[in-house]
Structure formats: C-alpha cells, structure tokens
Amino acid sequence: MGNFSNLPEVEICESCGETDVSVELVDSRFEYNHHGALVTLVARVPVYTCGACEFQYMAADAEDARHNAVCDYLELLPPKVVRQIRVTMGMTIRELSAVTGIGSASLSRWENGSGIQNRAYDNLLRLVRDPANLQFLSSSRSLEVPSHEQAPNFRSLKVTASVMDRANAFSL
Ligand SMILES: [Zn+2]
C-alpha cells in the first residue's frame, strides 16, 4: 500500500486481484487538442504497481488528474471547484440551473469532469460565487426556486442595503 491517505485504503490489482499494490505519483505528459492545436500538458497521476504480479496500471484517478491539468491550462475552474461553488451556497444542481439558466445536465458534466465549461460559463460560475450576484440574478426575474430542504443558505439570503446598492450598480 502507498502512503497517501487520500487514496482508497485497499487497492486491488486489476490483473491478479491481489491487494499488495503500491502507488506512486508520476508526472505524465499527454497531448491535448486545443482547437486543432496539439499542446503537451503534464499531469501528476497515480501509478499502481502490484507486488504479486508486477503489473503496472493507472486507474480512473489518472483521468481526473489529466482533466484537472487541462482545466489549469485553459484557466477554467476544475470540477471540484465547480461543485464546491454550488455546495457552498447550499444549492442543488436544479436550483443553480434555475438561477443561472445553465442546463442542469451541463452543470452535472462539469462537476463530474465529463465536460468542461467554456469561458463565458466559467465567468458566470465565478460571478455567482458572490452571494450578492446570486441574489441579484434571482431577484431580476420572477424566479421560482424549487422549495427544497437542502437549500437553507440560498433561501435565507437577505436583501441587504449593500446587496441592493450592488444590484442598482449592475443595472446602470
Ligand atoms: Zn497483480
């Protein structure tokens, strides 16, 4: 077993099924096709080695590491942060979708790393990180946020004087 506490406690060899598997982080270069131009990126990926059969392999976490490297290169929020923004506001995907107009399927893809938001959506996500902007968006329209027990932070947002000032500033 490796020394990385954030990795699964028992890794099972994909070849022989033994659990005598060690892991090390290796810098892995890969090509990324950015609008037709190939760029070489580097991701630090976990490589597993079986002590029983010496089989070496990478797992799904390698794909996550590459995905994060691409986000980093494009200067876009990685999946973990996209999710963090929503969870911090205590919103469900459906609720964030209702406020921002971003499709909930897209939000899901960006959170699980099966897709990357474009620059405009990335900017929108960064903006709604600020509760004042979120409040501004939701009060700009007769928006019905689905009543949901898991959205205490969002529903308890108060329209304070400073929020209104900012809202007014935005409408100038
Ligand atoms: Zn093995």
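What whole number of Å gives the distance from the Cα centroid of segment 40-86 to the Cα centroid of segment 92-131? Here the answer is 21 Å between Cα centres.
Taking θ as phi - 60° and the Karplus parameters 6.51, -1.76 and 1.60, the scalar couplings of segment 44-58 work out to 8, 10, x, 10, 9, 10, 8, x, 7, 10, 6, 5, 10, 7, 10 Hz in sequence order, x denoting glycine and proline. Given +1 at the Cβ of Lys and Arg, -1 at the Cβ of Asp and Glu and no other charges, the dipole of segment 21-74 around its Cα centre is 120 debye to the nearest 20.
Proximity of backbone amide H atoms, modeled 1.01 Å from N, is registered between residue 51 and 20, 21, 22 at under 5 Å, excluding neighbours fewer than 5 places apart on the same chain. Of the trypsin sites (Lys or Arg not before Pro) found in segment 1-103, none is in coil by DSSP with at most 12 other Cβ atoms within 10 Å of its Cβ. In order along segment 83-99, the phi-based Karplus estimate (6.51 cos²θ - 1.76 cosθ + 1.60, θ = phi - 60°) of 3J(HN,Hα) comes to 5, 4, 4, 5, 5, 4, 7, x, 10, 7, 4, 4, 5, 5, 5, 5, 6 Hz; Gly and Pro are listed as x.
In loop segments of segment 34-104 as defined by DSSP, the chymotrypsin sites (Phe, Trp or Tyr not before Pro) with at most 16 further C-beta atoms inside 10 Å of their C-beta are 55.
Restriction of the GluC sites (Glu not before Pro) in segment 73-138 to DSSP coil positions whose beta-carbon has at most 11 other beta-carbons within 10 angstrom yields 75. Assuming 1.567 mPa s and 4 °C, estimate D for segment 21-74 with Stokes-Einstein, Rh taken as the Kirkwood radius over Cα pairs, in µm²/s. Reported coefficient: 108 µm²/s.
Bear in mind that the values in this text are calculations on the coordinates, not laboratory data. Owing to the predicted nature of the structure, the values given are computational and were not obtained by experimental measurement. We place every Cβ from the backbone using ideal geometry, glycine too, and count neighbours over all the protein chains shown.
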